[in-house]
Each structure stands twice: as C-alpha cells, then as structure tokens.
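Q: Before anything else, here's the structure in question.
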Amino acid sequence: MIAGGSIVPPGDKSITHRALVLGSLADGTSAIEGPLTSLDARSMAGALRALGAEIAPLRPGRRVVLRGRGLRGLTAPRGSLDCGNSGTAARFILGITAAYPFRTRITGDASLRRRPMRRVTTPLRLMGASFEEENGDGLPLVVHGGRLKPLEYQSPTASAQVKGALMFAGLAAGVSVAIREPVRSRDHTERMLRALGARVEADDLALRFTPPATIPAFDLRVPGDPSSAAFLVAAALLADSGELEIRGVGVNPTRIGFLKVLERMDAAITVSPTGEVLGEPVGTLLVRPSRLRAVRVTPEEVPSLIDEIPILAVLASRAEGTSVFRGVEELRVKESDRLGLLATNLRAVGAAAEATTDTLRVTGGDARPRGKVETARDHRLAMAFAVLNTVRGADIRLSERKSVAVSYPGFFDHLAQVLHS
Ligand code: S3P
C-alpha cells in the first residue's frame, strides 16, 4: 500500500463530551464547531436533552448550537437516561445529576451495563448523593441527588472520567472538589474549565477545583481526535511507501503517549504545533512508513495512551522483537475485555501474543495476518484489526464493522482515502 494525502480526523470525543456538558450548564447560547457526531457524542447529547438542555442535532459538518440552562437549571428527566455505549456519558451524567434534587435512572447498552460505576458513585456518596444499584457495580443505577458537600478524594483509579464526573458534580452543586490520582489522566476538564474562567489549581497528580458562580456561553472549534488519528498514523506506518499528513489534531500531552511510544519504536513521525483552542494545543502530524522495533510500555504511561493500546498492540505484531505493555488491567473494563480480546485475536490472525491479569506481550513478525477477529462490537478493536488487514497479503475477517460508528463513523472511508495500492 502507498500512504498519501492530507486528512483531518473527526472531532475529539473527550472534548466534544465536555463541551456538550459545559454548554448545557452555561448561561446563554454556545456554538461548537467540528464536534464529533458519532454514536457516543449523540448518547451524551440525548441524555443532556432529556435533562432539559436545548442542543441542536449532531450532524456531520454542521456546527452545534446549544442553549444552556445555567448551573442550577436542569430538570428531572421523564424516563431512564440511556447512555448507549458511552462510559464518559454515563459517568459524567452520574456526576451532574448527583447535584440535582430529583431521581434519575441511568442505563446503557449491554457493554456499558457491565462497566464499573462505583469508582464514581463511591466519591459521590461521600459528597452526599445516594444511589440504588440494580446491577451491583454496573448500570442501571438510580441517582438520588441534592445538596452536596465539598470533597477531598484520593482516587484509586487514574481516570479522567472520574475526575470529570466529580468536577461536574462540584460545579453544579457549587462546592469545591480536590482529587488526587495515582497517575495523571487526561486533563481536558481542567483545561476547559480554566479557559472558561474557573479556578483549577493542578500539579502532576492532584487538582483543586473551586466552582465559579456561572459558566459563560462559549464558541469552540473542537480539535481532531488524536485517538482516531492514531489508526491513520498506524495505517501509514505499515504502508510500503508514501507519506501522510494529518492536520488539526489535538496534541495535549496527556493524550499523546502513543506518539512517544511510537518514537521509541523508530516510527518516522513529526509533530508540528499549529495553535491552541480553549487551552488545548493543536498540531499537524507527518507520518512515513517505518520498520518498527519492539517497545516496553510502563504502567505510568498507560493513562496517556489508554485508548491507543489496541492499535499499538497491532503495530507491535509487525515490529521486530517482543513488546511488553505493563499495567494495562484497566483494559479489561473498557468497551470490551480489550486485554483478553487483543491477545486471542492477535493469535487468531497468526501473531504471537499473551495476556496476564495486567500485562500484554506481543511478538512481532512479518507473516501474512489471516483469520477471523471477534470485535465484541468494540469500535477500537474493529479499527485496529481493520488497519492490520491493510498489510500486504492480509486476509482478516472482522465479526462486524458497524461498531466504528461509536467514535469514528467515517473510518473506513478515511482509511480508503489515505491508502492506495
Ligand atoms: C475519557 C477517558 C478515558 C478514555 C475514554 C474517554 C474521557 O477513560 O478511555 O475513551 O473523555 O475522559 P478513563 O479516564 O476512565 O480511563
């Protein structure tokens, strides 16, 4: 394959989620340019609409105008809120509704209902909210919110979803929130709140958020999603020749651990900064096909590349030597058991891979990848193995392809656009 052309990835999922939340809680009308319009973003918009926010339909290529209700203006939903496949939506909505004096039932699809929620409800209970569990640690959950107390919390998990949920609870309830995490996770909530005038003091592992009295309406152009760009980067690295330019990508340092790992793998990638939006750095990536070597990923870097492990594991299966990803147990509770499924699917297509409770080992080679891949309807597994299927002589059958619409509806079109035979 020959890599070529210049492409802009879809809007960042994390930033789109936060913009929808903050626009709904703002005073006045906000406009979001270039938001992600995927199923996950629609789940978030749908849940916020059910709570009274006015959000225009999310359509590709269209700016989204939303009328905020103010920090105390959301209203009780009629039925259950269905967050679909989106963990970020579920956790943020748990945080927001914890600050409101009504009852909210939150559910999701079969994958989301299996994912852990106590990481958010435990600290929210400390703030004074209560929850009815219908399914243990998972969804559905009924939230009984109301007046909340300030929080000082040491989170056992490095999770930006937990941080965001707690900051949004503090924001809507008007109480301060201090959080310490074991390893730093992505800091989009901190940056966006700061850009909107709120006080967030943060160092490497700890933050203290003092809620403002109001959030002003804002206009935002959402940067391209580095996690979606990572699949295009990988396709270009595995190509035989050419060069791919990826423009308008968010390059927030807490998100681009995968670029640092790829550098250690000898990948030919240059990153050029081009500007900043609402505190988020943006840049252009230039990628050339590369002979990769194996890499060791440490537990400390995992949060900065948590969503890129599927595609890094696929690249490791084409690299020279054995790559080791340590401290990746969090992958067991993502949209699927990504740790287990990465190992079984890599083996199913002829690669050498092994997973333990918290470690993934992948030995690279250049045999043709052939076989059937079970995606378990996990968008990132589908995209990672679709990229592997672009190498010469590959013959991989995916159990389904539709799940890509969760985060990257135009993925297959973009892949065809950047690779030519
Ligand atoms: C996200 C945080 C990450 C990531 C998810 C989006 C966010 O989850 O996996 O896709 O927008 O905050 P955790 O921080 O819970 O690991």
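Q: Whole-Hz Karplus ³J(HN,Hα) for the range 382-389, in order, using 6.51 cos²θ - 1.76 cosθ + 1.60 and θ = phi - 60°, x for Gly and Pro?
A: 4, 5, 4, 6, 5, 5, 4, 6
Q: Suppose every K and R has +1 on its Cβ and every D and E has -1 on its Cβ; what is the size of the dipole of the range 153-225 about the Cα centre, in Debye to the nearest 20?
A: Computed about the Cα centre, the dipole is about 80 debye.
Q: I would also like to ask the following. Exceeding 26 Å between C-alpha atoms, which entries from my cross-link table qualify? They are 163/334; 13/372; 163/260; 260/334; 372/402.
A: 13/372, as the Cα separations exceed 26 Å there.
Q: Classify the range 238-351 from the C-alpha gyration tensor, please: rounded if a/c falls under 1.5, else prolate or oblate depending on whether a/b exceeds b/c.
A: Oblate, because a/c is 1.5 or more while a/b does not exceed b/c.
Q: For a test of the definition: using alpha carbon positions, the gyration tensor, and the 1.5 limit on a/c, classify the chain as rounded, prolate or oblate.
A: Note, shape of the chain comes out prolate.
Q: Using the Cα gyration tensor of the range 335-385, with a ≥ b ≥ c the square roots of its eigenvalues, what is the shape: rounded (a/c below 1.5), prolate (a/b larger than b/c) or oblate (neither)?
A: The shape class here is oblate.
Q: With a cap of 15 neighbouring Cβ atoms within 10 Å, and only residues DSSP puts in a loop, list the GluC sites (Glu not before Pro) found in the range 354-421.
A: Passing sites in the range 354-421 are 400.
Q: Give me a comma-separated list of calculated 3J(HN,Hα) values for the range 27-34, in order, Karplus coefficients 6.51, -1.76, 1.60 applied at θ = phi - 60°, integers in Hz, x for any Gly or Pro.
A: 8, x, 9, 10, 9, 10, 8, x
Q: Still on this structure: Ignoring ligands, DNA and RNA, what accessible area per residue does the chain give at 1.4 Å, in Å²?
A: On a per-residue basis, 38 Å².
Q: Using only alpha carbon pairs under 8 Å that are at least six residues apart, calculate the relative contact order of the range 278-334 and give it in whole percent.
A: 45 percent
Q: According to a simple spin-label model (label point 7 Å from Cα along Cα-to-Cβ), what is the distance in nm between residue 270 and residue 2?
A: For residue 2 paired with residue 270, the spin-label model returns 2.2 nm.
Q: Give, as ranges by residue number, the residues of the range 287-327 whose backbone N falls under 14 Å from the point 7 Å along Cα→Cβ of residue 357.
A: 327
Q: Run the helix sum for the chain: -39,500 (n - 2.57) per DSSP H stretch of 4+ residues, divided by residue count, reported at 222 nm to the nearest 500 deg cm²/dmol.
A: Result for the chain: -9000 deg cm²/dmol, rounded to the nearest 500.
Q: Using alpha carbons only, how many angstrom separate the centre of the range 81-135 from the centre of the range 203-225?
A: Taking the Cα centre of each part, the range 81-135 and the range 203-225 sit 21 Å apart.
Q: Ok, one more. Please list the equivalent ellipsoid semi-axes of the range 231-270, computed as the square roots of five times the alpha-carbon gyration tensor eigenvalues, in descending order and whole angstrom.
A: 18, 13, 8
Q: What are the residues whose amide H is under 5 Å from the amide H of residue 352, where those residues sit 5 or more places off or on another chain and H is modelled from the backbone?
A: The list, which skips near neighbours in sequence, is 363.
Q: Along the positive direction of the dipole of the range 112-210 (beta-carbon charges: Lys, Arg +1; Asp, Glu -1; about the Cα centre), which of 155, 174, 192 reaches farthest?
A: Of the candidates, 192 comes out farthest on the positive side.
Q: Peptides 179-188, 127-136: what's the order by average Cβ count within 10 Å, highest mean first?
A: Sorting 179-188, 127-136 by mean packing, highest first, produces 179-188, 127-136.
Q: What are the trypsin sites (Lys or Arg not before Pro) within the range 1-104 that DSSP puts in a loop, where the Cβ has at most 15 other Cβ atoms within 10 Å?
A: Those that pass, being in a loop and sparsely packed, are 62, 63, 72, 78.
Q: Using only Cα atoms and rounding to the nearest 10 degrees, what angle (0 to 90) does helix 87-97 make with the longest principal axis of the chain?
A: Taking the Cα atoms of the chain, the angle to 87-97 is about 10 degrees.
The values are calculated or read from the model by the stated rules, or taken from the named source; none is laboratory data. For clarity, every value in this text was computed on a predicted model and none was experimentally measured. Don't worry about glycine lacking a Cβ; one is built from the backbone with ideal geometry, like all the others, and counts go over all protein chains shown. Surface areas here come from the heavy atoms of the whole protein model, side chains and all, with no ligands, DNA or RNA. Shrake-Rupley method; radii C 1.70, N 1.55, O 1.52, S 1.80 Å.
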